[in-house]
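**Q** Let me begin by handing over the structure; questions about it come next.
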Amino acid sequence: MVNTPPAHSKTLQQRILSGSVILLSGSGLTTAINLAYNVVIARCLGPQGYGQATAVYTLLILLSAITLSFQIVSSKVVAQQASVEAKAAVDRDLHRSAWGCGLLAAAVIFLFRDAIAAYLQLPDTLLVALLAIGTAFYVPLGSRRGYMQGTYGFYRLALNLAIEGAVRLGGSCLLIQLGYGVRGVVAANTAAIAVAYFVIAPAPRTRIENPLNLLSAVREIFQAVVFFSGQVLINNSDIVLVKHFFPSEIAGIYAAVAMVGRVIFSFSSAVVNTTFPLVAGTHHEERKDLRVIATSLVLVLFIGFGLALSLFFAPTWLWTTLFGSGFKIAGAYNISTLLALYALTTVIYSLSVVIVTFEMSYKIANSSWVQLGFSVALIAGICRYHASLPQVIMVQLVLMIVLFIFVAIPFLISSLTDPKEMSIPGTYRPIRLIRRVTEDEVVAEFLKSDFHSPAFREYEALRNLVVTPNFDDASENAKRRALLFIRHLSLWKELPPNTDWYEVELTHDDLINIRAFPRAQWRRPAHGNFSITRIVDGIKSRQDSLDDQSLAKINDISDGFAKETSSFGSLILIGLNEYEPLTVLDGNHRLVAAMLGALEDVQRLRFMCGLSPRMMECCWYNTTPGTLFRYGKNILLNMIRKPEDELARLLQDVS
């Protein structure tokens, strides 16, 4: 008998891929059903009736900010619980809250049905009343789907989505044939939501208390509401605005175009719905591997651009055959072009959603507010520029490109430079400060370890100045500083002024809280955690985790340790104080080489450390978009300074 390996024997990327395949298959079936639904509705009701039915359904989608908030919070918190009982307890309380919110939202819609119908130019307030009934079930449906998602029931979730689509299609066809028209379509949508809710088996009953803290729950729900408010506005406000600004026939054509965006977004949602609970339920280091987010982005990109290209090259007659002759558009921007542009817009936005939800899975993400801000900008943009349907789509395309830049760049910077979990609670002790040293001594030690660089080849005559420094000579100190600045001016100037320097002692136990600055060569062995011990463990377990140049440099240093022929300068560390983790400013390769060798190799190293309460402002210690911006600004300011000229002047003064 062959034992099936546990789910966690797979990597996170593999689990995301396998779960995405299940949900993508379900989304494919659901999309086919929804496409058939849209074709049937468009052909049977024409552009005007189709636009009315779509406007009502779009209003329901706008309300899904509440539904999806409960779904994503439930999936995240359920996935984070260790026991079945704790998962059920979380679902129990969130489900009750979802019913309360659903009934409240339904009551509000019913009370304002006349105003809503007037704004959307709907002929009948009964359409809005039917929408209110659907809303009451729609919010708790999100909670139940979140439980399925959080317990990794991707197959059941896909099946539930397909059931909802099938009831919507079958019910609409039946009620249209019975002569109920737009009313019948809206009623079928309401029935589909109710059926989807009742076919989901509830979580098992439990007597234990909800392990979720009330404040944490409120923060999670608030974050989700902010995120989904922005998402539903971006995905659906354009349809509502077009319905308001354009005649019903044009609005119906636009609704058909926007349907393609929903198809693409449903596929990306399948990837997101798989990624979110899996990432939420994993450890910090595993989810910080860039290959995890890359897996999701590549899936969305591949599917989205494939569909966009197919739409661009699809002949116009295909759409008039499917939807009817009333959906034909004359001019340069025919329906195929509009479909392709809208698809491209949705793909770019879907990439942003992957990044934002990835961050939301393990923290409260500020990018949710960025998205909400762009949703407001999108509404304002369409209200200002709506001379034609192409103009409406171009407004969205430009804003979605800018949104992607705004969320992708900070995420990438954070992923590449985030110091991660630097210390392990309960294990860190303060380092021992041996003696206070001057900045001139630190400059000399830094220069001693770096003087072999080709940048100093023409200054070989000054070797004695570096090897045997006289710190009582102000002229020597100035020359060494000018020498260092030839290569490291920008690096040194980022250190806070009035940094206190010490010679420190590090024991083997202290090394666990020393981190390397996250340069490219350390990312593969680090696996998302730049602790120097983690990097060394990664190199030991996999020799090809470093590039050839770094390995050669480490081997050369190791040979020097073995032969005891090399004289190394002190390693330079920086930090906030002796009680906080430290970063290696200079000497990463030497420290790694020593840790890969014998214990006495580490004991032979000398350490100097710069401490400042303002070290968080330094990009070498705390790399954030803000500190990197400061670094870039300082580079521009330092460009006018020529260390070579300064050194030449100092040497000239001596002669």
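**Q** Ignoring ligands, DNA and RNA, how do Val536, Val108 rank by accessible area with a 1.4 Å probe, largest first?
**A** Solvent-accessible surface, decreasing: Val108, Val536.
**Q** Working with all protein chains in place, sort Asp548, Asp473 by solvent-accessible area computed with a 1.4 Å probe, largest first.
**A** The most accessible residue leads, giving Asp548, Asp473.
**Q** Taking only the alpha-carbon atoms of the range 114-257, what semi-axes of the equivalent ellipsoid follow from 5 times the gyration tensor eigenvalues under a square root, in whole Å, largest first?
**A** Result for the range 114-257: semi-axes of 32, 21, 14 Å.
**Q** I need to check one value: relative contact order of the range 82-210, counting alpha carbon pairs closer than 8 Å and at least 6 residues apart, in percent.
**A** After rounding, I find 34 percent.
**Q** Quick one: Karplus J couplings for the range 88-95, per residue in order, coefficients 6.51, -1.76, 1.60, θ = phi - 60°, nearest Hz, x for Gly and Pro?
**A** Ordered by residue, 3J(HN,Hα) equals 5, 5, 4, 4, 4, 6, 5, 5 Hz.
**Q** Take the cross-link list Lys479/Lys633; Lys87/Lys243; Lys493/Lys540; Lys76/Lys540 and give me the ones stretching past 31 Å between alpha-carbons.
**A** Pairs exceeding the cut-off: Lys87/Lys243; Lys493/Lys540; Lys76/Lys540.
**Q** In whole percent, how big is the carbon plus sulfur part of the accessible area of the range 90-191, probe 1.4 Å, protein atoms only?
**A** Answer for the range 90-191: carbon and sulfur cover 70 percent of the accessible area.
**Q** Would you mind putting 129-142, 62-75, 150-163 in packing order, based on average other-beta-carbon counts within 10 Å, highest first?
**A** 62-75, 129-142, 150-163
**Q** Something else: Rank-order 367-379, 38-50, 116-128 by packing density, defined as the average count of other C-beta atoms within 10 Å over each peptide's residues, highest first.
**A** Order by mean packing, descending: 38-50, 367-379, 116-128.
**Q** May I pose another question? If you plug each phi of the range 165-172 into the Karplus form 6.51 cos²θ - 1.76 cosθ + 1.60 with θ = phi - 60°, what whole-Hz ³J(HN,Hα) values come out, in order, with x for Gly and Pro?
**A** x, 5, 5, 4, 5, x, x, 5
**Q** Continuing with this model, one more query. Find the all-direction average of the projected area of the Cα convex hull for the range 341-391, expressing the result in square nanometres with one decimal place.
**A** Averaging across all directions leaves 3.8 nm² for the Cα convex hull.
**Q** Considering only protein heavy atoms and a probe of 1.4 Å, how much of the accessible area of the range 428-474 is carbon and sulfur, as a whole percent?
**A** 48 percent
The values are calculated or read from the model by the stated rules, or taken from the named source; none is laboratory data. The structure displayed is predicted, hence computed values, not measured ones. Note: ideal-geometry Cβ built from the backbone for every residue, glycine included; neighbour counts use all protein chains shown. To get the accessible areas, we keep the full protein, side chains included, count just its heavy atoms, and leave off ligands, DNA and RNA. Shrake-Rupley method; radii C 1.70, N 1.55, O 1.52, S 1.80 Å.
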